[in-house]
Amino acid sequence: MNADKGIDVVEFACAHCGLSWTHEYEVVRCATSSGFERECFSIHDLPVMPPYSWEGAPECARCGHWVVGKLAMRRS
C-alpha cells in the first residue's frame, strides 16, 4: 500500500448568513495494490469525516447552519 500525505485547504461559505472561512485538513491518500484509493481526513491528528459531504460539514460559527466545503487548494 502506498500513502501520500498532504493538506487540503477547504473553503466554506454559509448560504444562510454569508460568513466565509477556510480551514486546513490533514489528508492521507492511500492506494492499495488492487488500485482502490481512499482518503482519510484529520484535524490536529483527530480523525474527522470529509468536509466535502454533509456528514463532515462543520457548523457555521455565526448562525449554526451546516456548510459543505469546497477544495480551495491542495498541498503535498
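Can you tell me the FRET efficiency between Ser20 and Ser42 if r is taken as the Cβ-Cβ distance and R0 is 22 Å, rounded to the nearest 0.05?
0.45
About its Cα centre, how strong a charge dipole does the chain have in debye, to the nearest 20, once Lys and Arg get +1 and Asp and Glu get -1 at the Cβ?
The dipole of the chain has a size of about 140 debye.
Please report the accessible area of Met49 (heavy atoms, 1.4 Å probe, ligands and nucleic acids excluded) in Å², nearest 10.
Approximately 100 Å² for this residue.
With the contact rule set at Cα under 8 Å and sequence spacing of 6 or more, what percent relative contact order holds for the chain?
Relative contact order for the chain comes out at 35 percent.
For the charge dipole of the stretch 1-60, defined by +1 on Lys and Arg C-beta atoms and -1 on Asp and Glu C-beta atoms about the Cα centroid, which residue among Ala15, Cys60, Cys40 has the Cα displaced farthest towards the positive pole?
The Cα lying farthest towards the positive end belongs to Cys40.
Work out Dmax and Rg for the chain from the C-alpha atoms and quote the Rg first, both in angstrom.
Radius of gyration, then largest Cα-Cα span, for the chain: 13.7, 45 Å.
Tell me, for the chain, which Cys residues have no other cysteine's C-beta sitting closer than 4.7 Å.
Result for the chain is Cys30, Cys40, no neighbouring Cys Cβ within the cutoff.
The values are calculated or read from the model by the stated rules, or taken from the named source; none is laboratory data. On a predicted model such as this, the values are computed, not experimentally measured, just so you know. Virtual Cβ from ideal backbone geometry, glycine too; neighbours counted across all protein chains shown. Side chains included, ligands, DNA and RNA excluded: accessible areas come from the protein's heavy atoms. Shrake-Rupley method; radii C 1.70, N 1.55, O 1.52, S 1.80 Å.
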